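Report on the following structure.
Here, each number is a calculation from the coordinates, and none is a lab measurement. Note that the structure is a prediction, hence the values are computed from the model and not measured. Note: ideal-geometry Cβ built from the backbone for every residue, glycine included; neighbour counts use all protein chains shown.
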Amino acid sequence: MCGNAAQCEYITGLTRSGGVWVPEFVDKLNQENCAGCGRCYKACPRQVFELIEHPDGDYLGGHKVMSIANPGDCIGDGVCQAACPKNNITCQPLKKKEVWSDCSCT
Ligand code: SF4
Ligand code: SF4
């Protein structure tokens, strides 16, 4: 344990001046409300998203919807959440225990 529970529990990053910040990684995407506009895809610097056929086939006339194809490449900048005009994307801090199962943090 590092003694700082808030900073210890979640994965953190550093600013250029050494300040600690908590990244928010992509967690959920509501495909039922997705317009397939591609804004999240264009905004993401890590190619996390992929446009796919809607799982229900002819949903809303057959347009495609976005999917979270490569969640493991997310760096937690939260840009996709801000870019979506339909508020479809949820980003969340990630507990270290979710990534490293042997982590001793609470
Ligand atoms: S949080 Fe950033 S890196 Fe992660 S999916 Fe969204 S835009 Fe891409
Ligand atoms: S920005 Fe929002 S509406 Fe547009 S493709 Fe991404 S999730 Fe769908």
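The table for this structure:
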item: Whole-number Å³ per residue for the convex hull built on Cα positions in the stretch 5-45; result: 96
item: Sequence-separation-based contact order of the stretch 23-92, relative, with Cα cut under 8 Å and 6+ spacing, percent; result: 50
item: FRET efficiency, Thr12 to Ala69 (Cβ-Cβ, R0 25 Å, nearest 0.05); result: 0.45
item: Per-residue Cβ neighbour rank within 10 angstrom, fewest leading, Glu9, Glu98; result: Glu98, Glu9
item: Net lengthening on full extension, Val20/Cys103 (0.36 nm per residue, minus Cα-Cα); result: 27.9 nm
item: Shape metrics for the stretch 23-92, restricted to C-alpha atoms - Rg then Dmax, Å; result: 11.4, 36
